[in-house]
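Here's the structure we're looking at; comments come further down.
The values are calculated or read from the model by the stated rules, or taken from the named source; none is laboratory data. All of these numbers come straight from a predicted model, not from anything done at the bench. Heads up, the Cβs are rebuilt from the backbone with ideal geometry, glycines too, and the neighbour counts pull from every protein chain shown.
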Amino acid sequence: MTIQSETSSVETATGTAKTMVLNMGPQHPSTHGVLRILLELDGENVVKAIPDMGYLHTGIEKSCEDKTYSQAITLTDRIDYLNPLGNNLAYCLAVEKLLGLEVPKRAQYIRVLMVELQRISSHLVWLGTHAIDLGAMSVFLYCFREREEILKIFEFVTGQRMMTSYIRIGGLALDPPTGYLQRVEKFLKMMPGRIDEYEELLTGNRIWIGRTKGVGYISAEDAIALSMTGPTLRAAGVAYDNRKVFPYSSYEEFDFDVPTRTDSDCFARYMVRVAEMRESLKIIRQAIKKIPPEGPVRTEAPGIVPPEREKMKTEMWAFSSPAMGRRSRCAFISAARHSSICRLFQN
């Protein structure tokens, strides 16, 4: 595309015309800086749109090359700030597999509880921002109201609201404080009714349906070819969930369904996320029953997993292992985000 100053004469899809070329983005908050679109406008009509992606690079991959396995955990929080605990877990599971570490059951159950709360929090941000983009201001406020309760639980358990770095190699950073399960149970009593409110406002709403049904169609074949994951893939009718296919952190002990739809449009992805929030609540209830009141939250692996503070003071060999100082040489790839944006290039 060529742009001439003063006249703004541009070669367009319909021939030479007087048009206006504008940058839309890089976007925030709706696309979080991932996407810039070069728009060519003829009045109010979009003549051409050229997607330009890749504006969220934070150098995480390069930074990890100079970090030990343990030091890199803080960077995983920032790969996707809506799902820090999930990224903590994925990274720690990989390192634990490399080092052959077995995580105590109590820590595994607490991990499940925390990442399912994180999943609900992430879906609430998606639903709230999606709703406000389509004109539903109230739903945005309601979703962030419930998300705030989850962040309060995170702060109580970990000391941080978002970038917790709570899941560590071999287990957890620290034992949860007394009374944390009571706070989670209070949230469980409140949340189902709130999800019902969202559906009452949106699911049968003519404006919501008109702006989401049949919009943003992605076939199951394209979703698989583009390596799409999560609700986007499941809304295309593909019942794939790693918690079922490759169970980790004792997920094989939990009873839950994998919600799917077949319409593969924006409305289907909305319905999948709403259903997933309900399933996460079901998993959290089971986790509360499974978590023992006492027990270790970190595996015993001298020289690999940092020892208890008292051992640091009394046992000089507590840190003596090459693995403690080994560089991670990690490559973090946010494939789901970029593959979803890549779909724009095919339209």
So the helices (runs of 4 or more DSSP H) completely within the range 43-99 holding 3 or more residues that are in contact with a Phe, Trp or Tyr (Cβ under 8 Å, 6 or more places away or on another chain), within 23 Å of Pro247 (Cβ to Cβ) and at pLDDT 85 or above are 84-99
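Matching residues to (1) out of contact with any His (no Cβ under 6 Å at 6 or more places or on another chain); (2) of a type in the set (D, E, K, R); (3) within 30 Å of Arg298 (Cβ to Cβ); (4) not in a loop (DSSP other than H, G, I, E, B):
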| position | (1), (2), (3), (4) |
| --- | --- |
| Glu199 | yes, yes, no, yes |
| Trp208 | yes, no, no, yes |
| Ala223 | yes, no, no, yes |
| Tyr240 | yes, no, no, no |
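Residues are listed down the side, and each one gets a yes or a no for (1) more than 20 Å from Glu252 (Cα to Cα); (2) touching a His at 6+ places or on another chain (Cβ under 7 Å); (3) crowded, with 19+ Cβ neighbours inside 10 Å:
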residue: Leu89; (1), (2), (3): no, no, yes
residue: Val95; (1), (2), (3): yes, no, yes
residue: Met114; (1), (2), (3): no, no, yes
residue: Leu127; (1), (2), (3): yes, no, yes
residue: Leu151; (1), (2), (3): yes, no, no
residue: Val157; (1), (2), (3): yes, no, yes
Of the residues in the range 190-214, those that are surrounded by fewer than 12 Cβ atoms within 10 Å (Cβ to Cβ), free of Cβ contacts under 8 Å to residues at least 60 places away in the same chain and β-branched (Val, Ile, Thr) come to none
Residue check, Leu22 surrounded by 13 or more Cβ atoms within 10 Å (Cβ to Cβ), at pLDDT 85 or above and not in a loop (DSSP other than H, G, I, E, B): no
Checked Glu146, Glu116, Glu155 against criteria (within 18 Å of the chain's Cα centre (by Cα) and without any contact (Cβ under 8 Å) to a residue 60 or more places away in the chain); the one match is Glu146
